[in-house]
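To start, the structure under review is shown below, and the notes come after it.
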Amino acid sequence: MSARFPSNHFYRIASDGEPRDASQESAKSKSPNHDDADLLDAYSRAVIGVVETISPAVVSLSGRRGDRGGSGTGFLVTPDGYAITNSHVVGDRPKLLAETVEGDRVDAVVVGDDPATDLALVRLAARDLPYAEVGDSAALRVGQLVIAIGSPLGLHATVSTGVVSALGRSMRGREGRLIENIVQHSAPINPGNSGGPLVDSRGRVVGVNTAIVAMAQGLGFAVPSNTAQWVMSEILTHGQVRRRRLGIVATTTALSRAVIRDLDLIGDQAVEVIDVEPNSAAAKAGLRAGDLIVAVHDRIVTSVDDIHRLLAQFSHEHRLAVTVVRNGARRELEI
């Protein structure tokens, strides 16, 4: 006698000959995916591990009693108290007060300040301190997980996560220079996060949080860690960040079609010299007010930012060829 099953159900015969309710199997297949849960657990473990590693090295920075100025964040990079933060956190204050995650308050002095990159180096009056490992920002990839730690609005050791949204951005520093290779990320940051570390999933600092866009969400910016390492090295070695200076006041100007045609120029803009500082590198090379700089070291320049970028690539000992247009003729000068 054959078995009968309800007509409104579908059954599948298993290998053992027993019927299985296909609707129940389908329901099981729609249950939460354990792989997704494992991924979420792995994400949480990664963030927790980074926070536990880095948080002890993060400090809140503020002025001493009676000082004017805001507050921000910094992070220790050596056990003997050196910490990196933003130049705008330091302001013009020579001394600050640092507070650790445990609530200990330690005096700190400003060792060096570089407004051009919005970075500063301070030193806490303490030793044998926990410190963060500084990573290679050149190895970052768009979409990579990053973690921001800081003191937004005075809330110490606040953690937020996001991803690298873009690389190679530029933003203007307080002195008007462009800060190159800025890291754009989506980890939420607020006033007070400035100077705090942007960290990868292995607990290495890859950026120094420096700015947010007002009235926008998910738009954070960090100075790359490679720039921070360079600034720190310059300050510790020379007491300041050394940069080549031409010693000119200049502006961007358009080239006439006639000049472009007659001199076979590629760009349609040049940097016009407005004034030359006495005894400067530019003065010694023979640059004059009215000269139109069209190339530096055989590379076309169309703005003052281009000149700053090229000067930063060469050491003080490296001689540079500067191509100018003067009185309708092309001249080569050496700096």
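Could you check, for the stretch 256-268, whether at least one of its residues is in the same structural domain as GLN313 (by TED's automatic domain parsing), among the β-branched types (Val, Ile, Thr) and within 30 Å of VAL183 (Cβ to Cβ)? Walk me through it before giving the result.
Keep residues of the stretch 256-268 that are in the same structural domain as GLN313 (by TED's automatic domain parsing), which gives 256-268.
Right, trim to among the β-branched types (Val, Ile, Thr) and you get 259-260, 266.
If we keep only those that are within 30 Å of VAL183 (Cβ to Cβ) too, we end up with none.
Within the stretch 256-268, not a single residue is in the same structural domain as GLN313 (by TED's automatic domain parsing), among the β-branched types (Val, Ile, Thr) and within 30 Å of VAL183 (Cβ to Cβ).
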* Unique residue being within 21 Å of ALA228 (Cβ to Cβ), of a type in the set (Gly, Ala, Ser) and assigned by TED's automatic domain parsing to the domain that holds LEU198 when the list is GLY150, GLY143, GLY154 -> GLY150
* Identify, please: which residue in the stretch 315-335 is at negative phi, assigned to a loop (DSSP other than H, G, I, E, B) and loosely packed, with under 14 Cβ neighbours inside 10 Å and is, among those, farthest from the chain's Cα centre (by Cα)? -> ARG319
* **Unique match (being polar (S, T, N, Q), surrounded by fewer than 24 Cβ atoms within 10 Å (Cβ to Cβ), within 20 Å of LEU236 (Cα to Cα) and in contact (Cβ under 8 Å) with a residue 40 or more places away in the chain) among THR53, THR100, THR78** => THR78
* Asked: Exactly one of (1) surrounded by fewer than 16 Cβ atoms within 10 Å (Cβ to Cβ); (2) not in a helix (DSSP H, G or I) is unmet by ILE179. Its number?
  -> (1)
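Residue-by-condition table, conditions (1) under 27 Å from LYS95 (Cβ atoms); (2) surrounded by 18 or more Cβ atoms within 10 Å (Cβ to Cβ); (3) under 13 Å from the mean Cα position of the chain (by Cα):
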{"position": "THR117", "(1), (2), (3)": "yes, yes, yes"}
{"position": "VAL134", "(1), (2), (3)": "yes, yes, yes"}
{"position": "ALA138", "(1), (2), (3)": "no, no, yes"}
{"position": "GLY143", "(1), (2), (3)": "no, no, no"}
{"position": "VAL146", "(1), (2), (3)": "no, yes, yes"}
{"position": "GLY150", "(1), (2), (3)": "yes, yes, no"}
{"position": "THR158", "(1), (2), (3)": "yes, yes, no"}
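The values are calculated or read from the model by the stated rules, or taken from the named source; none is laboratory data. Keep in mind the model is a prediction, meaning the values are calculated, not measured. FYI the Cβ positions are ideal-geometry reconstructions off the backbone, even for glycines, and counts take in every protein chain you see.
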